[in-house]
């Protein structure tokens, strides 16, 4: 009896272990099969969604309004506003949040690739599907990146009915939200949108200034107002942006306001003010720059010399000649260039200069002569 | 005109196919650079419209390879993003015939292609 019991316990354990192992393996296989089935179902559903969404988007891209055969009515667009027809099955699918998100992404991606009527039709489809409501929901969350995305999309999809919302975000404490709202407001209002600069409390980063100027570069030039107010703003970055606008759009009438910026306490503002004078060449700036020179930082002094290269005359030869002794190599280089550009008298002074044959001035002069050829 | 469109964005590919088929062109599609070069070998088109950034072979490689082998027999138009001036210049250096920047108007593209078709039929 004892023998049988020993045998059974010895023989049962491996059987039990093997059974457990087999059950686990079978369970795992069943799980993998079911999981793969669900993945296949999900992929098939996504492929079907993509196909439906893409067909609708293509229809929108190539949608053409039917002519009324009356050019006057067409021009005035006073008949019922025609839009892309949204099929019933899309209407049903729009109840699914995942589908809404998918079609929204696809419309946005498509709009990035097309322009003209096709682009306008996509904006119209976006509104017709009620996706602007999703954007409003994103905007009402407290998650900053969702708000920033919503603001970007309002501008990008030209959702004019939500334009009024921009105002409350242009001076938001979050830099990204501010940036998207400011860009969007320019898309809607053009140069007029720059008026947020009058009340902005935060600094405009270098990147944001580039983005704003880029946004403006796509718009037709117009004689926009407000720069003179921004040139005296308490926000230094607003003054810098205003100076850049003055330079880019050649606002010659602001010459006196730019000269006043040369007395600004921030050397970076003064740097940009000096730089603007290159784009607004005016001999009246010369004595001001010469007087300012000794008080300036090295980089601003170099910038002054670059401006003088375009506007200096024989009167400044004495001032420029003295700078040939300066300890800063770049100042000697730019002074040489400025002297050279004043004309024959400046060139004569340079050739008579006692250190003209010695290094490094001999190399600088040779280089400047080469540039002049 | 026989046109090969090489583009990895499915929606863009279908949009271009739809517009150009409507104009009566015979369209072949390639979803990556390798497939585009294989399609050219198999049945050389009269024109290729290619995106710059694609898997396996870029649009630049397609321009270089096609222009080296077929010269002016196959016209190549580059589709590029905004601010890719250097890329466009490089494409012209390799022999590209034309370019269009995204975002573009499908109608404008259609007019340009039809002009090529008209010139080639003369």
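Residues in the range B:91-103 that are closer than 26 Å to residue A:210 by Cα and either over 14 Å from the mean Cα position of the chain (by Cα) or more than 14 Å from chain A (Cβ to nearest Cβ) (or both): B:103 only. Pull up the range B:106-115, narrow it to residues that are at pLDDT 90 or above and in contact with a strand residue (DSSP E or B) (Cβ under 9 Å, 6 or more places away or on another chain), then point me to the one that is farthest from residue B:72 (Cα to Cα). Among those residues, the one meeting the criterion is B:109. Scanning the range B:30-50 for residues that are in a strand (DSSP E or B) and away from chain A (no Cβ under 14 Å) yields B:30, B:47, B:48, B:50. Of the residues examined, residue B:65 is one that is over 30 Å from residue A:218 (Cα atoms) and more than 11 Å from chain A (Cβ to nearest Cβ). Is it fair to say residue B:17 is surrounded by fewer than 21 Cβ atoms within 10 Å (Cβ to Cβ), under 12 Å from the mean Cα position of the chain (by Cα) and within 14 Å of another protein chain (Cβ to nearest Cβ)? Answer is yes for this residue. Whenever a residue of the range A:193-218 is within 14 Å of residue A:173 (Cα to Cα), its partners that are crowded, with 17+ Cβ neighbours inside 10 Å, lying with C-beta atoms within less than 6 angstrom and at least six residues away or across chains, give the pairs A:203/A:237; A:204/A:237; A:204/A:241. The requirement of being away from chain B (no Cβ under 14 Å), over 27 Å from residue B:14 (Cα atoms), outside any helix (DSSP H, G or I) and touching a helix residue (DSSP H, G or I) at 6+ places or on another chain (Cβ under 8 Å) is fulfilled somewhere in the range A:161-170, by at least one residue. For the range A:122-151, taking the residues that are within 14 Å of chain B (Cβ to nearest Cβ) and more than 16 Å from residue B:12 (Cβ to Cβ), the one that is surrounded by the fewest Cβ atoms within 10 Å (Cβ to Cβ) is identified as A:123. Any residue in the range A:85-102 that is within 14 Å of chain B (Cβ to nearest Cβ) and surrounded by fewer than 18 Cβ atoms within 10 Å (Cβ to Cβ)? Looking for residues that are within 14 Å of chain B (Cβ to nearest Cβ) and surrounded by fewer than 18 Cβ atoms within 10 Å (Cβ to Cβ), one finds at least one in the range A:85-102, hence yes. Taking the residues in the range B:56-103 that are closer than 19 Å to residue B:17 by Cβ and assigned to a loop (DSSP other than H, G, I, E, B) as candidates, determine which candidate is modelled with the lowest pLDDT. Among those that are closer than 19 Å to residue B:17 by Cβ and assigned to a loop (DSSP other than H, G, I, E, B), it is B:103. Only one of the numbered conditions (1) touching a helix residue (DSSP H, G or I) at 6+ places or on another chain (Cβ under 7 Å); (2) part of a helix (DSSP H, G or I); (3) within 14 Å of chain B (Cβ to nearest Cβ) is violated by residue A:179, and that is (3). Within the range A:189-232, if we keep just the residues that are crowded, with 18+ Cβ neighbours inside 10 Å and assigned to a loop (DSSP other than H, G, I, E, B), the residue that is farthest from the chain's Cα centre (by Cα) turns out to be A:231. Scanning the range A:248-267 for residues that are surrounded by fewer than 18 Cβ atoms within 10 Å (Cβ to Cβ) and assigned to a helix (DSSP H, G or I) yields A:248, A:252, A:253, A:255, A:256, A:260, A:267.
The values are calculated or read from the model by the stated rules, or taken from the named source; none is laboratory data. Predicted model only: the values in this text are computed from it and were never measured. All Cβ positions, glycine included, derive from the backbone under ideal geometry; neighbour counts span all protein chains shown.
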